[in-house]
Amino acid sequence: MTNLSGVNLNNGAAVGPQGEGRESPSSFPKYPAYKSSGVEWLGEVPEHWAVIALKWLSPVFRGASPRPIDDPIYFDDDGEFGWVRIADVTASPDGYLYETTQRLSALGSSLSVKLEPGELFLSIAGSVGKPCITAVKACIHDGFVYFPWLSIDQRLLYRVFESGLCFGGLGKMGTQLNLNTDTVGGICIAVPPAAELSRALAFLDHETARIDALIEEQQRLIELLKEKRQAVISHAVTKGLDPTVPMKDSGVEWLGEVPEHWESLTLGRVASSVKTGGTPSDDLPSADIIDGVEWYTPGDFTGDLLLDSSEKRVSAGAVRSGNAKVFPSGSVLIVSIGATLGKVGHIRRPASANQQINAVVPGPRVDGYFLAYSLSVKVNAMRFLSNASTIGIMNQEKTKEIWLSLPPLQEQKLITEFLDKQTSVIDTLIQEAAGGVALLQERRSALISAAVTGKIDVRGWQPPASAQAPELAKEAV
């Protein structure tokens, strides 16, 4: 567990994007004279810049795939060329492709389009409009286009695509983005003289690196705060609030010592019942049902411990007929299968759930809200108890085997009150940090858009001395 003793939970932890030395588009001068580009997304551009369609700067070719694409003969773990999938591109943090999840055999690569390191390509299917520069030898399928013999610095084209502005109006029937070689080739961009382009690209490289460092810092802070949140909950529900209370061995290795007056016992001994949800066979749940009962699925577990609403509901008729399983107020719902196994939610009014969820109805010795807090930090234990298959499954009997540290009922309520206050503080800091990330991302996009459309004049910009070595860019922020 990461040590967060140095994280101050009593003041704002988020780094604001308006800090000293952080440039914004409004802090740069405009060019002295502009002209109409004749292109909606570009608007007015500097008078001496050229406006050129991509097809005049390079042919736009599409990738290709060996068929059938799932034939093992086309793949080889030791192949020279990686096989690029949309997921490989979307997972790239900085726009460069460093590795792929699959590699092609010599035969497979001969039937695809080969790219050498340093070549730019663009997705036109899946996550449409995502640019990427390959850092390795790779092959692309027909969900991508590429630009051989490009007559300008490809980093300009990358930045134009990254801004996303050039794709406005290219949707099919004015809605969904629909790209092909013709639509991409028809995109017009503004091209400055070579010296200005070099300066603008250096400016963007420097400024986006600084912003990316701040974003990474904020995202790391968010992860640390989430760890802190879990640690606070885990300590409170296993050790209590009084650090001076005598302790005893719980008898459960992963629980360790617990307060001497607490009990260590399995969930099955404190629950009135453990049930599994289901889907009504006739009157199916729907988002259109207004006056029904909430029907929870794993997708409704967003991280909040209290479950207030679900995407779909079951009808009152399905409840009356017994066709829908309904769990009483105060129950704890646990996702019991799949990637989100172990997510926990507490309901404060009767609700239903699908068959991927187990519902624990608390007995008289345990407060449902305390139980929800306690179970929320036992994901690893739940995964251990689930079946050792590709998709973990924790059935009712396995759920009953989860070990708990149980204080007296009054102490349970004091602990939940304490945790509500502590987690609220941490959640506020997480929200502030997330808001900082959003603002930084907006600033990043604004800088790129302003630079590639000539809305700011960076000809006089000079990188600070500390940025001469790329590895120092992050430290310069």
Inset, instruction - Considering only residues that are more than 24 Å from the chain's Cα centre (by Cα) and either surrounded by fewer than 18 Cβ atoms within 10 Å (Cβ to Cβ) or at pLDDT below 95 (or both), look in region 337-350 and name the one that is nearest to residue 370 (Cα to Cα). - result: 348
Legend entry - Hits in region 324-336 - residues which are in contact with a helix residue (DSSP H, G or I) (Cβ under 8 Å, 6 or more places away or on another chain) and either more than 25 Å from residue 269 (Cβ to Cβ) or surrounded by fewer than 24 Cβ atoms within 10 Å (Cβ to Cβ) (or both): 324, 326, 330
Inset, instruction - Check off (1) of a type in the set (Lys, Arg); (2) touching a Phe, Trp or Tyr at 6+ places or on another chain (Cβ under 9 Å); (3) closer than 20 Å to residue 453 by Cβ for residue 137 and give me the number that stays unchecked. - result: (3)
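Quick check on this structure: which one of 59, 93, 72 is out of contact with any helix residue (DSSP H, G or I) (no Cβ under 7 Å at 6 or more places or on another chain) and more than 24 Å from residue 118 (Cβ to Cβ)?
Residue meeting the stated conditions: 72.
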Inset, instruction - For region 88-98, state whether one or more residues are assigned to a loop (DSSP other than H, G, I, E, B), out of contact with any Lys or Arg (no Cβ under 8 Å at 6 or more places or on another chain) and modelled with pLDDT of 90 or more. - result: yes
Inset, instruction - Collect the residues in region 57-87 that are without any contact (Cβ under 8 Å) to a residue 40 or more places away in the chain and part of a strand (DSSP E or B), keeping them in residue-number order. - result: 75
Legend entry - Test for residue 329: is it touching a Pro at 6+ places or on another chain (Cβ under 9 Å), modelled with pLDDT under 95 and not aliphatic (A, V, I, L, M): no
Inset, instruction - Please specify each residue of region 321-342 satisfying the condition of being of a type in the set (A, V, I, L, M), part of a loop (DSSP other than H, G, I, E, B) and either more than 15 Å from residue 398 (Cβ to Cβ) or not assigned by TED's automatic domain parsing to the domain that holds residue 384 (or both). - result: 324, 326, 339
Legend entry - Filtered residues of region 216-255 (kept if assigned to a loop (DSSP other than H, G, I, E, B) and surrounded by 13 or more Cβ atoms within 10 Å (Cβ to Cβ)): 240, 241, 245, 250, 252, 255
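The values are calculated or read from the model by the stated rules, or taken from the named source; none is laboratory data. Fair warning: this is a prediction, and the values are worked out from it, not measured in the lab. Please note: Cβ atoms are built from the backbone with ideal geometry, for glycine as well, and neighbour counts cover all protein chains shown.
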